[in-house]
Amino acid sequence: MKGAFLYGPMDLRLLEVEKPVPVEGEVLVRVKAVGVCGSDIHYYLKGRTAVFVPKHPFILGHEFSGIIEESRGNKFRLGDRVVIEPQIPCFKCYYCRRGRYNLCSSLKFIGTAATYPHINGAFAEYCKVPVEVLHKIPDDLGFEEAALAEPLSVAIHACRRASIRPGEKILILGAGPIGLLTLIVAQLSGAVEPLIVDNVKRRLDWAKEFGGHPINFDIQDVFEQVVEATGGEGVDVVLEASGAPKAVSTALKCVRKGGRIVLIGNLPDEDIPSRLLNIVIKELDVKGIMRYTNTFDVAIKLLSKKLIPSSKIITHTFSLEEIHKAFEVAINGEALKAIVKP
Ligand SMILES: [Zn+2]
Ligand SMILES: [Zn+2]
């Protein structure tokens, strides 16, 4: 089969290798669609992401769907259409037993260097995965749309952790793919015209199209805009989806007293100066989110009921041979979500 291996920064090689062989409890998936994620881009540009540094070449790609072509597990049959939840928990530890399996003490992750040996991902014709991470998809849900279930899960988890209630005023920092999906899910949770901040025109246009009130922080003062939109009170909830250290201060400033802040973005691995006293005097709830837990069934339902504007989110599709082009449009910001179809 063909697979795209990451060898180092800007060094992605499409190689012909042996098909993976599933063992007991695993299935072989013929990959039909795989999204290019922000973390894939980090690996591609810098050869690493956050604290994860690859120790050997491996195949990237973790937002994917496909058809089961070989099954060593009981629950799934040949020909089943599935989407894959790329985190592989142990299902036994303290966190797994409490349903918070995203925090599993021995979590593995498909298509990343988070664990060693690294588990090959889905920028390939085939990928083998354990049956526990498979989710069947309905016939009316296309493979490309289904591949959105993974990033959509992040948005669902963030909005759940934020406990958004109908009519609440929301501020989203960052209008990248995760920020925009969060904008959509926040509205499904009852938020009306959330404020959403970025400085890239194309992203702000998408934000407006998806029902947000865009704010360009290069030419507008975010705090002033929040004051104007909330009668001076501040927003009920800030969802931080940019990963920019400065955004933490913006969140602490723009949230109302008694409000909530949810940090979605991967902040740099260092101390970040912020006026934490605001958490005390405003009596804030500040939460982080680590990927997602128990979200895929909901994500699949939202996608198949067309509550997510998938056709507008998927702006580009490519063959596996064109994978470098897929990364190019994801990096230069032309694409909201680029999908590769191996
Ligand atoms: Zn992802
Ligand atoms: Zn566990």
(request) Loop sites only, by DSSP: take the trypsin sites (Lys or Arg not before Pro) in the chain that have at most 13 other C-beta atoms within 10 Å and name the longest stretch containing none of them. (result) 99-274
(request) Could you please put Leu276, Leu45 in sequence from largest to smallest accessible area, using a 1.4 Å probe? (result) Leu276, Leu45
(request) Starting from the stretch 59-103, pick out the chymotrypsin sites (Phe, Trp or Tyr not before Pro) whose DSSP state is loop and whose Cβ has at most 14 other Cβ atoms within 10 Å. (result) Phe91
(request) Just need the relative contact order of the stretch 1-112 here, percent rounded to a whole number, with Cα pairs under 8 Å and 6+ apart. (result) 24
(message) How large a share of the accessible area of the chain, in percent, is made up of carbon and sulfur atoms when the probe is 1.4 Å and the other protein chains stay in place?
(response) 52
(message) I'd like the antiparallel share, as a percent to the nearest 5, of DSSP beta bridges with both residues in the chain.
(response) 55
(request) At 1.4 Å probe size, with every protein chain present, just tell me what the per residue accessible area of the stretch 154-288 comes to in Å². (result) 48
(message) Apply the a/c threshold of 1.5 to the C-alpha gyration tensor of the stretch 1-109 and tell me whether it is rounded, prolate or oblate.
(response) oblate
(request) Check cross-link reach from Lys128 to the lysines: straight Cα distance under 18 Å, and skip same-chain residues fewer than eight apart. (result) Lys2, Lys19, Lys32, Lys75, Lys108, Lys136, Lys341
(request) Using just the helices of the chain, give the 222 nm mean residue ellipticity in deg cm²/dmol: DSSP H runs with n ≥ 4 each add -39,500 (n - 2.57), and the total is spread over all residues, rounded to 500. (result) -8000 deg cm²/dmol
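So for the stretch 154-288, averaging the separation of alpha carbon pairs under 8 Å that are six or more residues apart and normalising by length, what relative contact order in percent results?
Values: 277 pairs, mean separation 30.1, N = 135.
It rounds to 22 percent for the stretch 154-288.
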(request) Please find, in a Gaussian network model of the chain (springs between Cα atoms separated by less than 10 Å), the residue of Pro214, Pro268, Pro22 whose mean-square fluctuation is greatest. (result) Pro268
(message) Between Leu103, Leu60, Leu173, where does the largest GNM mean-square fluctuation fall for the chain, given springs only between Cα atoms within less than 10 Å?
(response) Leu103
(request) May I ask you to list the GluC sites (Glu not before Pro) in the stretch 1-30 that are in a DSSP loop and have at most 12 other Cβ atoms within 10 Å of their Cβ? (result) Glu18, Glu24
(message) Sequence gap at least 6, Cα distance under 8 Å: using those rules, report the relative contact order of the chain to the nearest whole percent.
(response) 17
(request) Restrict the search to the stretch 201-284; then list the GluC sites (Glu not before Pro) that DSSP places in a loop and that have at most 10 other Cβ atoms within 10 Å of their Cβ. (result) Glu270, Glu283
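The values are calculated or read from the model by the stated rules, or taken from the named source; none is laboratory data. Quantities reported herein were computed from a predicted structural model and do not represent experimental measurements. Cβ coordinates were reconstructed from backbone atoms using ideal geometry, including for glycine residues, and neighbour counts include every protein chain displayed. Ligands, DNA and RNA are stripped out before the accessible areas are found, and what is left, the full protein with its side chains, is counted by its heavy atoms. Shrake-Rupley method; radii C 1.70, N 1.55, O 1.52, S 1.80 Å.
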